[in-house]
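The values are calculated or read from the model by the stated rules, or taken from the named source; none is laboratory data. Given the structure is predicted, the values throughout are model-derived calculations rather than measurements. Neighbour counts are summed over all protein chains in view; Cβ atoms, including those assigned to glycine, are modelled from backbone coordinates with ideal geometry. Heavy atoms of the whole protein, side chains included, go into the accessibility calculation; ligands, DNA and RNA do not. Shrake-Rupley method; radii C 1.70, N 1.55, O 1.52, S 1.80 Å.
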Amino acid sequence: GGGGGFFGSLFGGKETASAEASEPAAAAAAAAEPEKKKSKKEQLADLSEIANNDDFLSELDSVIAEAEEAIAIAEKVEESPPKNKGGFFSNLGFVSGKEAIEEAETLIEDAEKRTSNIFSRFSFGARASPKPIETEPEPVAEEPVEPEESMWVESLKGLFSKSFASFIPPATTEAAETKKVVAVDETPKEKKAKASEGDFLDVIWGAETSARPTLNIAEMMKAFQVESKDDTAKVEEVSEEFRTLSLDVALSVKPHPEKVSWGGEDAGFSVGRTFGVFDGVSGAEKEKGKKLYSRSLADSMKKSSGKNGLSVKEITDSMTTAKELADDVATGASTAVVASIGEDNVMRALNLGDSVCLVLRDGAVAARTREIVHYFDCPYQLGDDSPDRPRDGTTLQSEIFQGDIIVAGSDGVFDNLSDADVCEIVSSFGPRSKSGAIAKKIVERSRTVSLDPMAVTPYSTVAKGRPGYGAYKNGRGGKVDDVSCIVVKAS
């Protein structure tokens, strides 16, 4: 409105403070005259005064510094490769970018508020209303400030919110329904009040000094012109319903060539939105006539998982129960990687041992579980004689997008194929390919490489030079093993 302070004095409002008139006659004459709105020229003069007010500029510097911090955080989210949209790697593993977004939003909100409040603390070019000598002047009704007269104030007040809004990605995992506002312009565009490139706001921040960075507000304001009083806009509310992704899940298992007759030691399961791979430890002692530990785990977790997505705690609890049963009825030991994609399209995974779960996006790895081993060739494992427990495993949480492909496999896959090899295989399939075909090809390629003594593999690279691994002294050779793989396509 046309109140006191900066807004009032700059755009034709009344100044509440009064001053003693130096000449009584002049004061009386001034009191008799109705107040006039400031001309454009007077506004230009007042804004020029802003450029020379160190207190005002110092405060604005502080707001800009806070805004730049928000920009730095937001740009990290916005400019990251598509493969990392679900979050970032940290010392805690691959986590959601939600915290970074919330921090940026907090900084932006504070910068916007401070931008609005800063002007109320300063007054430039105020024309004080003279005090009459004897008679009280009749109250004069304040005239509302015309929208076109306050276009610069409105632009500056909305500077940060409008400038930074595009940096914040939409939250797609929080609510079942989100709203967006669409402004429909119903007037000719020539009615808009526009800020020209050479206008007076260039004066505010035209040259860089040692104390403050260059800020050309005129250039920034051109990105969001303010409507004049003749403009009208109709706001429509459009519902954008959140959609839970559909999953196409397939498991492929190929036993060790020497274990084909009894099916090998790997196992897996998929039910609803949960899936897992269990790699039987070949070196573990086994009793004849008992169920293999890996198969017992897979069967138990398939029964307890249900059709809906599970939290990490629910996966851990389910695996703990499955382990307790396997300790009683099964033999041997097994590693485990289990993942579940919730209705919020977030995948949560628990990994105990050297199996791996990858999230592939746009031909690259977007997220990956972390293997956990006691030492080379001795992974963490579940078994009656093992001290390891499901709670000891590593966890992963990653948002899943339409078109993502998840690959979970035992070490029979990842000892022989690198992540890049897996990406290459997946990328060779078209968008309409079934997950079963992809899983089968990954398993077949893993077996082919495992039988090649000249192949350079992840396993041979690590085994090279280690005592007891003479077969890999030249850093070459695959590792023959049971191979199990689950592929999930999100659509």
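Points to keep in mind about this one:
- Ranking of 415, 362 by solvent-accessible surface, largest first: 362, 415 (1.4 Å probe, protein heavy atoms only, all chains present).
- Accessible surface of the range 357-463, 1.4 Å probe: 50 percent of it comes from carbon and sulfur atoms.
- Note that the range 276-420 presents 40 Å² accessible area per residue, ligands and nucleic acids not counted, probe 1.4 Å.
- A straight line joining the Cα centroids of the range 259-273 and the range 304-376 runs 15 Å.
- Mean Cβ count within 10 Å, highest first, over the residues of peptides 366-378, 327-339: 327-339, 366-378
- With K and R counted +1 and D and E -1, the other residues having a Cβ less than 13 Å from that of residue 248 yield a net charge of +3.
- Amide H within-cut-off set for residue 367, under 5 Å, with H built and near neighbours excluded: 359
- Rounded to the nearest Hz, the phi-derived 3J(HN,Hα) couplings of the range 244-257 under the Karplus curve 6.51 cos²θ - 1.76 cosθ + 1.60 (θ = phi - 60°) are 6, 5, 8, 10, 10, 10, 9, 10, 9, 10, 9, x, 4, x, where x marks glycine and proline.
- Accessible-area ranking of 303, 288, largest first, probe 1.4 Å: 288, 303
- Each residue of the range 325-333 was assigned a 3J(HN,Hα) from its phi angle through the Karplus expression (A = 6.51, B = -1.76, C = 1.60, θ = phi - 60°), giving 5, 5, 4, 8, 10, 10, 10, x, 8 Hz with x at Gly and Pro.
- Additional length obtainable on full extension of the chain from residue 45 to residue 241, 0.36 nm per residue less Cα span: 65.5 nm
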